[in-house]
Amino acid sequence: MEAETTVHESDFQKSVQNYAENFFKQNVKSNSLVITDLLEDIVSNLGIDVMYYNFDNTNDQSRPINGIYMRSNDVTKSHKIIINALDDTKTQIFTLAHELFHHLMMEENPVKLRFVLSNEEILERGGDFFAASLLMNERKFTEHFNFLCEINIFEDLIFKLSDIFRVPYVSVVRRLNELHLLDDEYRDYLNFKESELLERRIKVMGYSLYDQPTHKPIFQPYVRLIEYGLANKQLKLLESVKRLNKVNPGRSEELYSEYMELLNGLNDEED
């Protein structure tokens, strides 16, 4: 049974990585280092508006809300990805790539990855692995690893790869493990939290510019909407909108309309 699970996981990762590799090749010139600088433009060209909001709360599973994908069923309206403006830049970039995966699964419906839509947990894992594979392209990541490992101790290597590819420290460690570049003596690093690695980074070489949030304008129409949801403990409805987008976009739009009616009702009261 264990062997079967391992094979299944291996096939899953291979399918997602191949999909990310193909997306990378289609959107990144061969002489480009990373996709990060192009990511927002690529997302925008797919008809998705990228917006930012201060999600200083957690969802009903007590996990921080890093981002939400809102799929529009109306061809006259754009899809939306809302990113937590309070997250550091690296997390924001990783979240954008993760939410892009949600969009691609719905719009392209790739045959080899249709199974991810059947399960919320698998879909989320797929989004994380897609983001890691896209942002830390295997060939480019391995090239920099091979160069840096000759002249850096392991921790410094993590910090520098994180800065180069602009991804969270924990994502670098996991990617090293996925690509079989993590020596056994360093496997304990897989247990470190992002905050713990950040602390160690600060002691060694200070903050990175990417350890701070990107200063993006907050998308105002969502501000009152979400604040109202938080104050009245109705954010779960917004989470429902997000989840339904993956399986029933029509119902998702209905719930979103209900939420907007609540917001409009507030505005009418003020007038």
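The values are calculated or read from the model by the stated rules, or taken from the named source; none is laboratory data. If you're wondering where the values come from, they're calculated on a predicted model, not measured in any experiment. Every residue, glycine among them, receives a Cβ derived from its backbone with ideal geometry; neighbour counts consider all protein chains shown. Note: accessible area is taken over every heavy atom of the protein model, side chains too, but ligands, DNA and RNA are not part of it. Shrake-Rupley method; radii C 1.70, N 1.55, O 1.52, S 1.80 Å.
Here's a check for you: in the range 181-210, which residue that is under 19 Å from residue 166 (Cα atoms) and among the aromatic types (Phe, Trp, Tyr) is most open to solvent (accessible area, probe 1.4 Å)?
Per the stated criteria, the residue is 207.
With the condition kept exactly as written, say whether any residue in the range 98-108 is more than 21 Å from residue 26 (Cα to Cα) and either part of a helix (DSSP H, G or I) or open to solvent by 10 Å² or more (accessible area, probe 1.4 Å) (or both). Walk me through how you get there before you give the answer.
Taking the range 98-108 first, the residues more than 21 Å from residue 26 (Cα to Cα) are none.
Scanning the range 98-108 turns up no residue that is more than 21 Å from residue 26 (Cα to Cα) and either part of a helix (DSSP H, G or I) or open to solvent by 10 Å² or more (accessible area, probe 1.4 Å) (or both).
How many of the residues making up the range 73-97 are crowded, with 16+ Cβ neighbours inside 10 Å and not in a helix (DSSP H, G or I)?
Step one: of the range 73-97, the residues crowded, with 16+ Cβ neighbours inside 10 Å are 79-97.
If we keep only those that are not in a helix (DSSP H, G or I) as well, we get 79-88.
Here the count works out to 10.
In the range 114-136, what count of residues is obtained for those that are buried (at least 24 other Cβ atoms within 10 Å of the Cβ) and over 22 Å from residue 25 (Cα atoms)?
Here the count works out to 1.
Which one of these does residue 96 not meet: (1) more than 27 Å from residue 202 (Cα to Cα); (2) at pLDDT 95 or above; (3) of a type in the set (A, V, I, L, M)?
(1)
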